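What follows is calculated from the coordinates using simple rules that are stated; it is not laboratory data. In this text the structure is predicted, and so the values were computed from the model without any measurement. Note that we place each Cβ from the backbone using ideal geometry, even for glycine, and neighbour counts take in every protein chain shown.
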Amino acid sequence: MFLRRTAAIRRPPRRRTRDERAEDHHREGGTGTLAVSNAVSVPVPAVPMAPPATGKLTHHALGRAKLGMTRAQAHAAYRLSSNRGKRYEEFFSLTPIGVRVGYASNALLNTLPSRERPSVQGTVVLALTANPYYALSGIRHGASLATAQQTLGKGHLFQVGLNR
């Protein structure tokens, strides 16, 4: 009597929840939080001596960096920083990706009325990051432009330089 071998029917794997992916991440030695974007699990590496990203992305703040804060306040908020030779920029180390802040330059100050210059001089006027921890209405670094436009809308458009 011959038994016929049949190929096992393979079903697609069940989609795992965020909590299940986080458990696997920590079991495999991952540190920090687990960043998830477009249903893709990304383990967050630990950066030596760099604190994890904290806070939120709002209309006036990116984590601990807030628009209008002074250099001294920015340095007090983040312990690891470097200007990388830039006079009006500062880079703050976080796990896994840091935050870059820009201060008002002389060129920017010269465009302002003289009575407004003292309140802007030496303050944060720009905060940038590609850290997947931060999201604006669910839109994170790596999201498609179509998804961002659908979620956020166009808002008030403005032109910078010759970019069209």
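Per-structure values
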read-out: Low-density loop cleavage sites - chymotrypsin sites (Phe, Trp or Tyr not before Pro) in the stretch 108-164, where at most 14 other Cβ are within 10 Å (DSSP); value: Phe158
read-out: Which of Val99, Val160 has the fewest Cβ neighbours within 10 Å, and the rest in rising order; value: Val160, Val99
read-out: Gain in span if fully extended, Ala76 to Lys154, counting 0.36 nm per residue against the direct Cα distance; value: 24.6 nm
read-out: Gyration tensor (alpha-carbon) shape descriptor, the stretch 35-157, a/c threshold 1.5; value: oblate
read-out: Whole-number percent relative contact order across the stretch 60-164, with pairs defined as alpha carbons under 8 Å at least 6 apart; value: 24 percent
